[in-house]
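**Student:** Questions regarding the structure given below will be posed in turn.
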Amino acid sequence: MITWLVIIGLILLGLGLIIVEVIFVPGTTIVGILGIVLAGVGVYLSFSNFGNTTGTLVLVATGAVALIALLISFRTGVWKKFALKDQISSKFNEHIEITTQEGDEGVALSSLKPIGKAEINDKVFEVKTNGNYVDAGEKVKVIKIDKNKIIVEPIKSNE
């Protein structure tokens, strides 16, 4: 009797971990691997303790229960309660009136790799370079304004 309880317990725990892995924890992680190992040990114990016929029945039943549980889980939409539904739709400089013009100069407040913050005409904007790396504190010049995007380039100092 104890053997059946151990086998059933291992298989149910393993199937539960596999379902948690598939629905709640994306990717192959320790949870899914542990679930497969526990279910496998339960099936192995049924083969070793009760023979091939009973072991095969337990294996088929385990597979059927796993398939049914996964189908029910997906159909009822359980994972939707835990899924992130928010979307980020904002854009940089969206709520800022751009008062700069092409040719204005400013200072990079953060490193531009190629996007960062710069102060131009005493206002802070999120700016972009054409792929150049600009260190914080370097002078920049506005070369293009496209809607809410400010494209800058570093000003080369004549040293």
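The values are calculated or read from the model by the stated rules, or taken from the named source; none is laboratory data. As the structure is a computational prediction, the values presented were derived from the model and not from experiment. Note that each Cβ is placed from the backbone with ideal geometry, even for glycine, and that neighbours are counted across all protein chains shown.
**Student:** List pairs: first residue in the range 100-114 and of a type in the set (A, V, I, L, M, F, W, C), second residue not in a strand (DSSP E or B) anywhere in the structure, Cβ distance under 6 angstrom, at least six positions apart or on different chains.
**Tutor:** Ala108/Ala136; Ala108/Glu138
**Student:** Sticking with this structure for a sec: State all residues of the range 1-36 that are at pLDDT 90 or above and over 23 Å from Ile72 (Cα atoms); if no residue qualifies, say none.
**Tutor:** Within the range 1-36, Leu5, Val6, Ile7 qualify.
**Student:** Mind listing just one residue for me: the one in the range 1-15 that is touching a helix residue (DSSP H, G or I) at 6+ places or on another chain (Cβ under 9 Å) and farther than 11 Å from Val65 by Cβ and, of those, surrounded by the most Cβ atoms within 10 Å (Cβ to Cβ)?
**Tutor:** My answer is Ile7.
**Student:** Go through (1) loosely packed, with under 13 Cβ neighbours inside 10 Å; (2) modelled with pLDDT of 90 or more; (3) of a type in the set (A, V, I, L, M, F, W, C) for Ile72 and report which single condition fails.
**Tutor:** Evaluating Ile72 over (1) loosely packed, with under 13 Cβ neighbours inside 10 Å; (2) modelled with pLDDT of 90 or more; (3) of a type in the set (A, V, I, L, M, F, W, C) leaves (2) as the failure.
**Student:** Still on this model: For the range 128-152, which residues satisfy the criterion of being part of a strand (DSSP E or B) and within 14 Å of Leu109 (Cα to Cα)?
**Tutor:** Residues satisfying the conditions are Lys128, Thr129, Val134, Lys139, Val140, Lys141, Val152.
**Student:** Based on this model, can you work out whether Gly63 counts as at pLDDT 90 or above, more than 30 Å from Leu15 (Cα to Cα) and outside any loop (DSSP other than H, G, I, E, B)?
**Tutor:** It is false that Gly63 is at pLDDT 90 or above, more than 30 Å from Leu15 (Cα to Cα) and outside any loop (DSSP other than H, G, I, E, B).
**Student:** Among the residues of the range 44-60 satisfying the criterion of being surrounded by 15 or more Cβ atoms within 10 Å (Cβ to Cβ) and of a type outside the set (Phe, Trp, Tyr), which is farthest from Leu13 (Cα to Cα)?
**Tutor:** Gly55
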